[in-house]
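To start, the structure under review is shown below, and the notes come after it.
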Amino acid sequence: MRILLLVAAIAALSVGAFAQDKITLSNGDVITGKITSMAGGKVTIKSPLLADIIVPIASVSDLVTGESVTLKTKSGDVWQRRIVGIEGGSLRLEGGETSSLPLDNLGMINPPTHVDPSWTGSLNFTGVSTTGNTETRQAGLAFDASLRSPTDRITVDAAWSYGENKDRSAANASSSGYILTQRRVGGGLKYDYYLSDKSYMLATSRVLGDTIANLELRYTVGSGIGYTLIDDGKDLLLFEVGLSYFNESYRVVAAPNPTSTDYLAARVAYRYEHPLSDTTKLVHRAEAFPSLENKEDIYCQVTTELQTTLAKSMVATVTHVFDYDNTPSPGFKRGDQRLVLSVGWSF
């Protein structure tokens, strides 16, 4: 019985060894293990002794798999076959109608499973209420979402904020004694179409209304190009340039001041993201619209955010926003700054 068990164990080990994938390099070295993938001209094999090993396919003189693997050709065909070697610049395959696959037509081995793109983003809330000597009511809501596929990306965002303070002595107070201190609402939509891994064409539009700044509506629409300088899974840095139509209309304007302004503008923007820890991320972005018709007309917005994860899907954000309009509604200031602390949920 012991002899039979020993023979069975040896047979099992032999089968396991036979089932291993094997790569032979041009210098004669042999690597055994499990081929996990091949993409971009490089083969990754998981060795039980040396962990993942990545070698250029050009350095491989022979390749054998212990079982069938998924082969994807550059033309998009997908085969499930066992590789039994390399001969004459082609993979020799076992079974099926085709017994070989030229290496120059091999796109990937074991390509990643296709996953349908899904929306990601966050929904954040802010709120303040005080009573007593100081009576205030403030609320805010911010939403952003993005859908990324291999060929394009859709980004949408919206924000609303409202605030009022109680001052019965003020002439412009309401019947309840509250004075409006903030009422802003706006949103944006952006579409990116990728020309390569780093460059893309874009179309973007944004609207904003701000009662306290006497802004009935600020509207921009335009297109351009973008380039991703860094995107390594941690840091992100991208730049965008293009042209936009820029229009502002005002709520109340005394004659002879204009009720609105519009012009063709350049659009220059960038975005930078950097992880500060496993749970906290810095996001800094800016967008500027210098007029191509009048050098005095320029609008820009600079935003700096600290985003941190409080729980699995709960996030907190501290945001500083600086808005600058060099030609605001007559009688109003050029710059506005906001510091917002919000809590919400990511998805």
Modelled FRET efficiency - R0 51 Å, Ser118 with Ala255, Cβ distances, 0.05 increments: 0.45
For segment 221-259 and segment 84-145, distance of Cα centres in Å: 27
Above-threshold pairs, the threshold being 21 Å between Cα atoms, out of Lys34/Lys72; Lys281/Lys312; Lys166/Lys333; Lys46/Lys198; Lys22/Lys46: Lys166/Lys333; Lys46/Lys198
Net length gained if the chain between Lys74 and Ala39 were fully extended (0.36 nm per residue, minus Cα distance): 11.5 nm
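Among residues other than Gln182 whose Cβ falls under 14 Å from its Cβ, what is the net charge (Lys/Arg +1, Asp/Glu -1)? If you can, show how the numbers build up before the last one.
Numbers: positive: Arg137, Arg183, Arg184, Arg338; negative: Glu164, Asp210, Asp323, Asp336.
Here the charged neighbours net out to 0.
Net charge around Val221, counting only other residues with Cβ within less than 12 Å of its Cβ (Lys, Arg = +1; Asp, Glu = -1)?
Working: positive: Lys190, Arg206, Arg218, Arg267; negative: Asp262.
So the surrounding residues net to +3.
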Acute angle (nearest 10 degrees) that the helix 2-18 long axis makes with the longest principal axis of the chain, alpha-carbon atoms: 60
Within straight-line cross-link reach of Lys190, aspartates and glutamates at Cα separation under 15 Å, skipping those fewer than 8 residues along the same chain: Asp144, Asp152, Asp157, Glu240, Glu287
Cβ-based charge dipole, the chain, positive-most Cα from Gly233, Tyr162, Leu93: Tyr162
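By how many nm would the segment from Leu339 to Ser99 grow when fully extended, if each residue of separation counts as 0.36 nm and the alpha-carbon distance is taken off?
Values: separation 240, 0.36 × 240 = 86.40 nm, distance 6.60 nm.
Net length gain for the segment: 79.8 nm.
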GNM result for the chain, Cα springs below 10 Å: residue of Ala288, Ala255, Ala145 fluctuating most strongly: Ala255
Full-stretch length increase - Ala58, Ser313 - with 0.36 nm per residue and alpha-carbon distance subtracted: 87.3 nm
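Using the per-residue mean of other Cβ atoms lying within 10 Å as a proxy for protection, in what order, highest first, do the peptides 231-242, 197-208 fall? Before the final figure, lay out each step's value.
On the way: 231-242: 14.0, 197-208: 16.4.
Result, highest mean Cβ count within 10 Å first: 197-208, 231-242.
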Segment 307-324 residues near the modelled Cys300 label - backbone nitrogen below 20 Å, point 7 Å along Cα→Cβ: 320-324
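Hey, with R₀ at 30 Å, roughly what FRET efficiency would Leu243 and Ala145 work out to, going by the Cβ-Cβ distance, to 0.05? If you can, show how the numbers build up before the last one.
Numbers: r = 26 Å, r/R0 = 0.87.
Working from the Cβ atoms, E equals 0.70.
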Cα→Cβ-extended label distance, 7 Å offset, between Ile179 and Gln138, nm: 1.6
Listed values (1) 102, 53, 33; (2) 85, 59, 39; (3) 64, 46, 40, entry calculated as Cα extents along the principal axes in Å: (1)
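Read the figures in this text as sums done on the coordinates, not as results from a lab. Predicted, not measured: the structure shown is a model, and the values here were computed from it. Counting neighbours? That spans all protein chains shown, and the Cβs are built from the backbone with ideal geometry, glycine included.
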